[in-house]
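A.B. asks: Can you keep this structure in mind? I'll have questions shortly.
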Amino acid sequence: MTEPAMTDLAIETHGLVKVFGDNRAVDGVDLAIRRGGVHGFLGPNGAGKTTTIRMLATLARPDGGTATVLGRDVVTEADEVRRRVSLTGQFASVDEDLTGRENLRLIGRLFGYTGASAKRRADDLLDAFALSDAADRQVKKYSGGMRRRIDIAASIVVTPELLFLDEPTTGLDPRSRNEVWDIVRAMVSSGTTVLLTTQYLDEADQLADRISVIDRGKVIAEGTSSELKASVGSGSLFVRVMDRDDRDAARAVLERELGVEVRDEADPNALTATIDEQGRVTRALSALDEARIPLAQFSLGQPTLDEVFLSLTGHHAEEKTDTEEAAA
Amino acid sequence: MTLDRTRTEDADEPGGAGLNTEHDRGSKILSALASSERPSPPGPLSTSLTFGWRALLKIKHVPEQLFDVTVFPVMFTLLFTFLFGGALAGSTVDYIQFLLPGIMVQGVIMITMYTGTTLRTDLEKGVFDRFRSLPIWRPSALVGMLLGDAVRFTISLTVTALLGLLLGWRPGGGFGGFVIGAILILLFSFSLGWIWTFLSLVLRTSGSVMGVSMLVITPLTFGSNIFVDPSTMPGWLQAFVEVNPVSHLVTSVRAVMGGTDPGASLPLTIVWSAVLIAVFGTLTMWRYRDAR
């Protein structure tokens with residue numbers, strides 16, 4: 001067999017399309033994702049993240065466009081792709097009726113481990129993922145965090161070059177979420193490329209080296225977390241007045257000095273503004289001082305990914321989607 | 001093939017810093033990942049048998065699965081022997097000589113329909129996403145599932161035979177005849193299973209898979225020579241019974257278990273099985289590419 005030309009791209013797609021009925025779930029996605037590190041797919045529910053991943057993992061056939069994973073075509077060289085990638089889905093995917101150990105032995109045997117070595121590999125993984133005590137319990141009796149750990153363990157029975165992690169922390173409590181993050185970091189440092197989908201902005205911020213923002217089946221932005229933030233403006237100013245009665249006056253002063261819209265926060269003393277020029281901030285703060293509006297606190301920060309999302313799509317990254325889907 | 005681990009060193013140092021602060025688990029996961037062991041890929045038979053092993057594990061954990069293979073055959077045998085025996089053959093002992101091989105077929109075919117509903121449930125839970133993402137012979141998950149079902153069918157056949165013996169069934173073909181007949185039934189039900197796997201990949205819920213299966217199974221089993229000799233039936237029904245593959249199966253099972261010559265029905269049964277696998281196996285694998 002001839003090896004394909006060495007490419008440093010883990011994933012490359014051109015105009016990838018998947019249609020369900022009259023819903024274009026993935027509508028012309030172009031990606032060029034380098035090997036190594038974590039690449040984040042960020043978008044609300046129903047944006048097309050999972051469908052894209054399913055096509056890249058050879059679980060669904062594209063209706064249009066091309067995709068290569070680690071240099072292999074996902075349609076014509078599907079088996080070559082399957083040999084090199086692994087998938088942990090949102091709801092995937094071990095057998096709930098079997099125990100944790102049986103599941104790992106099953107996968108091990110399917111990869112060609114013989115009975116005894118499959119058992120050994122299963123025990124090693126159970127130990128690494130702190131599941132030894134639950135090894136002989138049916139997976140359906142596992143907690144959410146344990147469930148996610150066994151799913152990930154099942155994905156690395158044979159170490160993949162590329163791991164698809166589809167919303168690995170959805171529905172997990174903060175502690176289990178941190179555990180999954182630790183696991184992802186460990187995998188990356190061992191050389192596995194991870195493609196992570198998430199609807200959590202802080203997750204993408206925490207883990208991903210680069211992020212593709214997906215909305216309605218299209219990639220609407222791509223870059224590092226900082227680049228995406230920079231594209232929105234240089235940052236945001238947060239101001240908290242001492243006395244809440246001063247807030248309206250403070251807003252007026254800031255809007256005059258900064259020349260941008262200043263927003264009320266839920267906190268009745270707080271205001272935020274997205275700013276273009278940092279230089280104006282000093283002036284704005286002196287103006288507040290001159291107007292005798294005492295401040296309890298102020299800070300200058302980078303914009304959050306939620307603000308990025310808002311400016312890219314015109315809607316927030318979280319809330320919205322349920323109503324959208326209900327309407328669809 | 002081993003991974004080229006050096007290529008990642010020059011990646012933008014992802015997570016490298018977090019590693020030292022991490023607890024024990026991180027390093028254990030690292031050593032688990034460091035295994036670059038790539039066993040040689042197993043063949044189709046090996047992976048199918050592994051999935052058969054999965055089916056047996058499921059029986060171990062969910063023994064209720066054996067309810068249908070024991071209760072159905074007992075119920076059918078008792079019900080039809082005593083319901084029809086007196087009227088059709090004059091005595092139940094006479095009738096059971098005729099009925100029992102047929103009721104074995106009926107019992108197993110009724111149970112095959114669970115193959116489809118089980119697969120539908122598995123597909124919904126997402127466990128097949130993992131199986132489909134593995135670099136293995138594609139049909140092996142389904143073949144293994146059908147092999148696991150063959151174990152359940154064997155239990156059903158054994159229960160029916162033992163109950164029959166108790167009720168006065170005395171097959172002329174002896175134990176050898178029973179074994180050959182059982183193998184024929186298992187072959188045919190394995191082939192029939194591909195209809196249900198196809199249905200479960202086309203239909204969206206296990207309820208609808210069950211409904212459509214019943215629609216196929218009812219004419220297939222009752223419109224056959226299981227219960228009565230077709231010579232008393234109206235012409236159109238006789239014509240259906242004649243071409244019904246279940247009739248060929250029943251005729252050959254009756255013959256080999258009774259110790260007589262099955263004639264053309266035996267090769268016909270085998271040909272039907274091959275056709276079912278060829279047609280519905282192909283359709284199943286076509287749908288399986290994009291299964292949801």
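The values are calculated or read from the model by the stated rules, or taken from the named source; none is laboratory data. Model, not experiment: these values are computed from the prediction. No Cβ is skipped: glycine too gets one built from the backbone with ideal geometry, and neighbour counts run over all protein chains shown.
A.B. asks: How many residues, within the range A:36-81, are under 15 Å from the mean Cα position of the chain (by Cα) and facing chain B (nearest Cβ under 9 Å)? If you could, list the steps in order and put the result at the bottom.
C.D. replies: Within the range A:36-81, the subset under 15 Å from the mean Cα position of the chain (by Cα) is A:37-53.
Pick out the ones that are also facing chain B (nearest Cβ under 9 Å) and you get A:37-38.
Residues that pass the stated criteria total 2.
A.B. asks: Please count how many residues of the range A:100-131 are over 17 Å from A:T88 (Cα atoms) and of a type in the set (V, I, T).
C.D. replies: 1
A.B. asks: Could you please find all residues in the range A:159-179 being within 11 Å of chain B (Cβ to nearest Cβ) and free of Cβ contacts under 8 Å to residues at least 60 places away in the same chain? Spell out the reasoning first.
C.D. replies: Our first condition is that a residue be within 11 Å of chain B (Cβ to nearest Cβ); within the range A:159-179, this holds for A:159-164, A:166, A:178-179.
Those that are within 11 Å of chain B (Cβ to nearest Cβ) and free of Cβ contacts under 8 Å to residues at least 60 places away in the same chain: A:T159, A:N178, A:E179.
A.B. asks: Sort through A:R149, A:R84 and tell me the only one that's under 27 Å from A:K49 (Cα atoms), more than 9 Å from every other protein chain (Cβ to nearest Cβ) and not small (G, A, S).
C.D. replies: Details: A:R84 fails: more than 9 Å from every other protein chain (Cβ to nearest Cβ).
After ruling out the rest, the residue left standing is A:R149.
A.B. asks: Which of the residues that make up the range A:229-277 are of a type in the set (S, T, Y) and at pLDDT 85 or above?
C.D. replies: If we filter the range A:229-277 for residues that are of a type in the set (S, T, Y), which is where we start, we get A:231, A:234, A:236, A:272, A:274.
Hit for the range A:229-277 is A:T272, nothing else.
So that you can scan it fast, the table gives a plain yes or no per residue for (1) closer than 23 Å to B:A55 by Cα; (2) surrounded by fewer than 24 Cβ atoms within 10 Å (Cβ to Cβ); (3) not charged (D, E, K, R):
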residue: B:V143; (1), (2), (3): yes, yes, yes
residue: B:A161; (1), (2), (3): no, yes, yes
residue: B:F188; (1), (2), (3): yes, no, yes
residue: B:S191; (1), (2), (3): yes, no, yes
residue: B:S206; (1), (2), (3): yes, yes, yes
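A.B. asks: Give just the number: which of (1) touching a Phe, Trp or Tyr at 6+ places or on another chain (Cβ under 6 Å); (2) buried (at least 24 other Cβ atoms within 10 Å of the Cβ); (3) of a type in the set (A, V, I, L, M) does A:V158 not satisfy?
C.D. replies: Here A:V158 clears every test but (2).
A.B. asks: While we're looking at this one, here's another question. Counting only residues that are in contact with an Asp or Glu (Cβ under 6 Å, 6 or more places away or on another chain) and small (G, A, S), how many does the range B:59-105 have?
C.D. replies: Summing the residues that are in contact with an Asp or Glu (Cβ under 6 Å, 6 or more places away or on another chain) and small (G, A, S) in the range B:59-105 gives 0.
A.B. asks: Just checking, does the range B:59-69 include any residue being in contact with a strand residue (DSSP E or B) (Cβ under 9 Å, 6 or more places away or on another chain), free of Cβ contacts under 8 Å to residues at least 40 places away in the same chain and within 12 Å of chain A (Cβ to nearest Cβ)?
C.D. replies: Initial filter on the range B:59-69 (in contact with a strand residue (DSSP E or B) (Cβ under 9 Å, 6 or more places away or on another chain)): B:61.
Those left that are additionally free of Cβ contacts under 8 Å to residues at least 40 places away in the same chain: B:61.
Checking which are within 12 Å of chain A (Cβ to nearest Cβ) leaves us with B:61.
For the range B:59-69, residues in contact with a strand residue (DSSP E or B) (Cβ under 9 Å, 6 or more places away or on another chain), free of Cβ contacts under 8 Å to residues at least 40 places away in the same chain and within 12 Å of chain A (Cβ to nearest Cβ): present.
Listed here are the residues, each with its yes/no results for (1) at pLDDT 95 or above; (2) within 23 Å of B:L268 (Cα to Cα); (3) crowded, with 22+ Cβ neighbours inside 10 Å.
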position	(1), (2), (3)
B:L167	no, no, no
B:G177	yes, yes, no
B:G181	yes, yes, yes
B:I185	yes, yes, yes
B:W194	yes, yes, yes
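A.B. asks: Which residues, counting only those in the range B:41-100, are hydroxyl-bearing (S, T, Y) and either more than 16 Å from the chain's Cα centre (by Cα) or assigned to a loop (DSSP other than H, G, I, E, B) (or both)? Break it down stepwise before answering.
C.D. replies: From the range B:41-100, those hydroxyl-bearing (S, T, Y) are B:46-48, B:50, B:70, B:77, B:81, B:91-92, B:95; that's our starting set.
The answer is B:S46, B:T47, B:T77, B:T81, B:S91, B:T92, B:Y95.
A.B. asks: Can you give me the ranges of the helices (runs of 4 or more DSSP H) entirely in the range A:59-140 with at least 1 residues that are surrounded by fewer than 20 Cβ atoms within 10 Å (Cβ to Cβ)? Quick ask: steps written out before the conclusion?
C.D. replies: Numbers: elements: A:78-84, A:100-110, A:115-128.
Qualifying helices (runs of 4 or more DSSP H): A:78-84, A:115-128.
A.B. asks: Restricting the range A:180-206 to residues that are assigned to a helix (DSSP H, G or I) and of a type in the set (S, T, N, Q), which is nearest to the other protein chains (Cβ to nearest Cβ)?
C.D. replies: Initially, the range A:180-206 is screened for residues assigned to a helix (DSSP H, G or I), giving A:180-189, A:201-206.
Filter again for of a type in the set (S, T, N, Q), leaving A:189, A:206.
Details: A:S189: 5, A:Q206: 10 Å.
Only one residue tops the list, namely A:S189.
A.B. asks: Another one. Kindly state which helices (runs of 4 or more DSSP H) lie completely within the range B:241-292 and contain at least 3 residues that are under 21 Å from B:Q97 (Cα atoms). Walk me through it before giving the result.
C.D. replies: Working: elements: B:245-258, B:265-276, B:282-288.
Of the helices (runs of 4 or more DSSP H) lying wholly inside the range B:241-292, those with at least 3 residues that are under 21 Å from B:Q97 (Cα atoms) span B:245-258.
A.B. asks: Within the range B:111-153, can you find the residues that are touching a residue at least 40 places away in the same chain (Cβ under 8 Å), assigned to a loop (DSSP other than H, G, I, E, B) and not β-branched (V, I, T)?
C.D. replies: Of everything in the range B:111-153, those that are touching a residue at least 40 places away in the same chain (Cβ under 8 Å), assigned to a loop (DSSP other than H, G, I, E, B) and not β-branched (V, I, T) turn out to be B:P135, B:W137, B:R138, B:P139.
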